[in-house]
Structures are given as C-alpha cells and as structure tokens.
1. Would you mind estimating how fast the chain diffuses translationally, via Stokes-Einstein at 20 °C and 1.002 mPa s with the Kirkwood radius over Cα pairs, in µm²/s?
2. Compute the length gained on full extension between Leu14 and Arg2: take 0.36 nm times their separation in residues and subtract their Cα-Cα distance, giving the result in nm to one decimal.
3. Helix 40-62 against the longest principal axis of the chain: what's the angle in degrees, Cα atoms only, rounded to the nearest 10?
4. Looking only at the range 34-57, which residues have a backbone nitrogen under 17 Å from a spot 7 Å from the Cα of Phe25 in the C-beta direction?
5. With a 1.4 Å probe and all protein chains in place, put Ser42, Ser31, Ser47 in order of accessible area, largest first.
6. How about the range 1-61: which chymotrypsin sites (Phe, Trp or Tyr not before Pro) there lie in a loop by DSSP and see at most 16 other Cβ atoms within 10 Å?
7. For helix 2-25, what angle does its Cα long axis make with the longest principal axis of the chain, in degrees from 0 to 90 and rounded to 10?
8. At Ala37 and Thr63, where each label point lies 7 Å from the Cα along Cα→Cβ, what is the point-to-point distance in nanometres?
Amino acid sequence: MRIANIVSYVLVLLGAVNWGLYGIFDFNLVSAIFGGARSVGSVIVYSVIAAAAVWLIISPIITKGLLVMGHDRGRE
C-alpha cells in the first residue's frame with residue numbers, strides 16, 4: 001500500500017503542476033505532450049491522475065486514518 005500511496009502522491013502533484021501552469025500561463029502541459037486535451041493519451045493521463053486523487057481520499061479511510069508514506073520503524 002505504501003507504493004500505491006507514493007505513486008498516487010506523485011501523480012496528484014504532477015496534476016497540480018499542470019493546473020498551475022494552466023492557471024498562470026494558460027498552458028496545458030498534458031495537452032501539449034499528447035496533441036490535444038481530448039486525445040486518447042490526454043484522457044488516459046487525466047483519468048489516471050483522477051484515480052490517484054480518489055485513492056488518496058479513500059486510503060486513509062481504509063487504513064483507519066493513516067496515510068502511510070514511509071517506513072514506520074516503531075512497528076514490526
């Protein structure tokens with residue numbers, strides 16, 4: 001579950017950077033890479049980032065309030 005949390009966190013950060021670029025400079029990085037906002041590649045990237053965000057929302061619920069990101073040395 002740690003790896004899913006870390007990957008999700010990175011994907012959500014990349015999505016946030018894309019939104020920042022779009023808001024500040026009116027430049028959509030995902031659209032620029034994949035050739036349009038509605039291209040197949042863009043839709044896949046947007047869907048994966050959305051799934052990562054949903055995972056970060058439900059992960060603490062599943063783990064009773066913990067979002068595990070690193071190694072917990074106190075537990076064995």
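The values are calculated or read from the model by the stated rules, or taken from the named source; none is laboratory data. Here the structure is a predicted model, which means the values were calculated and not measured. Cβ atoms come from the backbone with ideal geometry, glycine included; neighbour counts cover every protein chain shown. We work out accessible area using only protein heavy atoms, side chains counted, and drop any ligands, DNA or RNA first. Shrake-Rupley method; radii C 1.70, N 1.55, O 1.52, S 1.80 Å.
1. 155
2. Stretched out fully, the Leu14 to Arg2 stretch lengthens by 2.5 nm.
3. 20
4. 34-36
5. Numbers: Ser42 0, Ser31 20, Ser47 65 Å².
Greatest to least solvent exposure: Ser47, Ser31, Ser42.
6. Values: sites: Tyr9, Trp19, Tyr22, Phe25, Phe27, Phe34, Tyr46, Trp55; in loops: Phe27.
Passing sites in the range 1-61 are Phe27.
7. 30
8. Each label point lies 7 Å from its Cα, and together they span 3.5 nm.
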